[in-house]
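Here the structure is laid out as structure tokens; the discussion comes afterwards.
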Amino acid sequence: MIRLFAHANYDFIGLRKWAYGVTGAILIPGLILMALRDVNYSIEFTGGALVQVRATGTTMDAGGVRAALDRGGVPGAEITEFGGSTEFVIRARLEGQVSATEQAAQETATRVRAALTDAFGAGGFEVTRVEAVGPKVGGELRQRALLAILASFVVVLVYLAYRFEWRFGLASVLATAHDILATIAFIVYMDLEVSLLVVSAILTVVGYSLNDTIVIFDRTRENLHKYKREDLAEILNRSVNETLPRTIITNTTSLAALVALLVLAGAVLRPFAWVMAFGVFTGTFSSVYIAAPVLMWIERKWPGKDARGVKARVVAAGHGTSTTLPPPEAGAERSRVPSA
């Protein structure tokens with residue numbers, strides 16, 4: 001079979017400064033924009049009411065529903081077609097009611113019913129679903145989502161420290177933190193609504209990015225034993241190039257499915273597809289251009305006791321130009337990374 005990039009030999013480490021510039025161009029404006037305006041949370045996090053209605057005896061469209069809600073004292077509600085042009089999902093937030101209770105959410109649902117009744121008549125629509133979420137529940141969901149991400153960091157750091165060594169684990173966690181911040185910046189740019197579905201997409205991006213990083217680091221560990229006279233920059237470049245076919249194929253198949261979701265899925269799944277598509281891009285980008293250079297930087301700051309750590313420090317200090325060091329004495333211990 002045809003093997004893509006079978007003899008790839010790209011200098012990924014040499015492009016690390018360019019990659020840092022791209023990362024800064026994404027993160028810094030996104031963080032500034034997030035400081036100026038808050039993230040657009042859905043009612044699962046802010047509290048509110050979800051009402052699903054179906055038109056029965058009259059013509060109903062999204063514009064008419066929105067106008068009716070504005071007149072009825074429910075401004076800013078989100079109206080989404082659900083399954084067809086005669087069925088809608090209405091999400092109304094509890095704006096400015098941080099201390100509101102579940103009762104306030106139920107009252108919001110009642111106001112939605114009353115507004116639609118005034119506009120379309122009692123027999124003009126049918127309510128098929130009503131869900132109310134209090135702000136307290138939304139706050140707990142936000143806290144648990146953050147705890148889930150932090151817990152994944154801790155578990156990954158411990159696992160990689162045991163499986164490889166702590167430098168690999170720290171580089172993986174920093175690269176994954178980059179992915180989360182970049183994805184949040186993307187959500188702010190796109191003004192996407194952060195729902196539980198979007199949070200699940202962010203957690204999926206974390207797993208996707210870590211998987212790609214671990215594949216590269218596993219090859220790095222093998223090459224550290226196989227090519228004992230190469231410095232760390234050469235080892236990292238070799239490892240990224242050797243795993244490049246797997247990275248490209250995995251990315252292409254993942255993006256193909258996500259593009260299909262973006263084109264064919266409805267409004268409910270589209271934010272999930274957008275976040276996942278960007279996450280696939282940034283997860284791969286960080287595995288190649290962030291995790292590997294960060295690992296080299298960590299080796300420069302806290303080098304190992306063997307010659308390989310000193311070579312990594314010389315390469316980093318020389319901005320990518322390696323310096324050949326004399327080989328260690330015969331019989332000296334060279335293994336810095338535990339074998340599989």
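The values are calculated or read from the model by the stated rules, or taken from the named source; none is laboratory data. Because the structure is predicted, anything quoted here is derived from the model rather than measured. Virtual Cβ from ideal backbone geometry, glycine too; neighbours counted across all protein chains shown. When the accessible area is computed, the model is the full protein with side chains, heavy atoms only, and any ligands, DNA or RNA have been set aside. Shrake-Rupley method; radii C 1.70, N 1.55, O 1.52, S 1.80 Å.
Some observations on this one:
- At 1.002 mPa s and 20 °C, Stokes diffusion of the stretch 125-194 via Kirkwood alpha-carbon radius, µm² per second: 143
- Only Lys, Arg, Asp and Glu carry charge here, each on its Cβ (+1 for the first two, -1 for the last two); on that basis the stretch 175-258 has a dipole of about 400 debye about its Cα centre.
- Rolling a 1.4 angstrom probe over the protein heavy atoms with all chains in place gives the stretch 197-271 an accessible area of 43 Å² per residue.
- A crude spin-label estimate for the pair residue 301 and residue 256, with each label 7 Å from Cα along the Cβ direction, gives 4.1 nm.
- When the solvent-accessible area of the stretch 136-227 is split by element, carbon and sulfur atoms take up 69 percent of it, the probe being 1.4 Å.
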